[in-house]
Structure formats: C-alpha cells, structure tokens
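Participant: The following block contains the structure, expressed as structure tokens.
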Amino acid sequence: MRAYLRTILTEGGTLTTEEIILHIVVAAVISAAIYISYWYTHVGTTYSKKFNVSLVTLTILTATVMTVIGNNVALSLGMVGALSIVRFRTAIKDSRDTTYIFWAIIVGICCGVGDYMVAAVGTGLVFLVLLILGRVRNDNRILLVVRAARTKETELEGTISTYFNNKPVLKVKNTTADTVELIYELTSRTYKENYKKELSITETLYRLDKVEYVNIVTQSDEISG
C-alpha cells in the first residue's frame, strides 16, 4: 500500500515536446475567442483593454500550469499550497468580468490536460450566448442636485417636473430652517431630450432667484472598489 501511494505521489505522465507546445498553442488560439467576446460585449467606458489582455495571458498561464502538473499528485498539492498564500484584491468593476475570469481559467485547464474538444465546444457555446445576450450598454443616470431657499421649495419642484415632462424622480430632499436641497434622478435619454430647448435646466432654475447652486452629476452602473 505504501509503495502504491509513493508511486502515485512521485510519478506523473511524461509529455513530449510536441504535446506541451500543442497544449499551450491551443490555449492561446481559444483565448482569442475570449478576447473578441470581451471586446464585443463591453462597450463604451466599461471596456478595459488591459483586463482583456489579462484574460488571454490567464488562459495561457493556466494551461501551462496544468501541463506541468499533469497527473502528478505531489505537484498538484505543492501548487495548491503555493497559490494559497497569494491574495488577489483586484476590484471587479462589472459582474460580467467574473464570468470571463472563470471562462479563461476553465479553458486553460481543459487545454492543459489535453481536452481540446471540451474547451472548444464550451467556448463556442459561451461565445454564442454572450454574442446574443451579452452586449449591454450601461444607461448612465443623471443626478440633478439643486440647493435653494426653502421658500422656493414648491416652485422649484414644479419647475423641474414641468421642464422634464414629469419624468424625473425625486430621490433625496434635505432641508434646514432656511434652505432645501433636492436630488433628482433622470435617465440619459430624458436629459438629452431637452437639449434643444431655448433655456437649459440650469438657466431655468437660476432664473427662479434664491437658488444657491445647480449641479449635474453622471452616475454610472459600474461597481468600483
């Protein structure tokens, strides 16, 4: 029994140079599909070329590690111990990025053990799903922040509601004995629909008098760390 366990722990499959090169090259080829998919599905400011390149290198590195490990249990345990001391604290800005990270790792594992068909079929299916459903353009929200004398509260709310055709949503109302601060949320489309009006919302509000400031802030859907 001891001899059997010793054999499992010390012996591993021996790969030829051609097989090693094939594992890594196939991983690099399939990672191109991951690169294209990420580039296509992430549009505008959500796209990060550095992260996209990292997905390609992650696939190749995973395949390389799996090629080295093979079926050697001792190397597998050693690799797990080595990686367990590494902490990754990179913030994920988009929930879809997690999918791409797992995709790259799984493709690398499949190619590293020589299961090219599994890697290719899985990649093709995921690529098709993301091609159809994954192209999402974030609709950034616009926050309209207005501070004025409290005596202008009712007139202020009426003016903003009328200007944007009752579409803005009042999210916050902060008041003191003398002032009121209103924070409205609008979609980008609602805000842009009023570009052609003679007076901008800023100019319209300042004409009410006793308005201290009008701030317009873009709020993104991205998750920042």
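Participant: If you go through the stretch 152-165 one residue at a time, do you hit one that is at pLDDT below 90, out of contact with any strand residue (DSSP E or B) (no Cβ under 6 Å at 6 or more places or on another chain) and outside any helix (DSSP H, G or I)?
Facilitator: Yes.
Participant: Only one of (1) more than 30 Å from residue 95 (Cα to Cα); (2) assigned to a strand (DSSP E or B); (3) hydroxyl-bearing (Ser, Thr, Tyr) is not met by residue 218, so which one is it?
Facilitator: Checking residue 218 against (1) more than 30 Å from residue 95 (Cα to Cα); (2) assigned to a strand (DSSP E or B); (3) hydroxyl-bearing (Ser, Thr, Tyr), the one that fails is (1).
Participant: Condition first: buried (at least 18 other Cβ atoms within 10 Å of the Cβ), at pLDDT 85 or above and under 30 Å from residue 21 (Cα atoms). Can you find one or more residues in the stretch 128-149 that meet it?
Facilitator: Yes, the conditions are met somewhere in the stretch 128-149.
Participant: For residue 182, are the conditions met, namely being assigned by TED's automatic domain parsing to the domain that holds residue 151 and at pLDDT 90 or above? Steps first, please.
Facilitator: Values: assigned by TED's automatic domain parsing to the domain that holds residue 151: yes; at pLDDT 90 or above: yes.
Judged against the criteria, residue 182 is a match.
One line per residue, one yes/no per condition, for (1) surrounded by 12 or more Cβ atoms within 10 Å (Cβ to Cβ); (2) of a type in the set (Gly, Ala, Ser); (3) modelled with pLDDT under 90; (4) not in a helix (DSSP H, G or I):
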position: 45; (1), (2), (3), (4): no, no, yes, no
position: 55; (1), (2), (3), (4): yes, no, no, no
position: 60; (1), (2), (3), (4): yes, no, no, no
position: 64; (1), (2), (3), (4): yes, no, yes, no
position: 68; (1), (2), (3), (4): yes, no, yes, no
position: 74; (1), (2), (3), (4): yes, yes, yes, no
position: 78; (1), (2), (3), (4): yes, yes, yes, no
position: 81; (1), (2), (3), (4): no, yes, yes, no
position: 85; (1), (2), (3), (4): no, no, yes, yes
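The values are calculated or read from the model by the stated rules, or taken from the named source; none is laboratory data. The model shown is predicted, which means the values in this text are computed figures rather than measured ones. Positions of Cβ are generated from backbone atoms using ideal geometry, with glycine treated the same way; all protein chains shown enter the neighbour counts.
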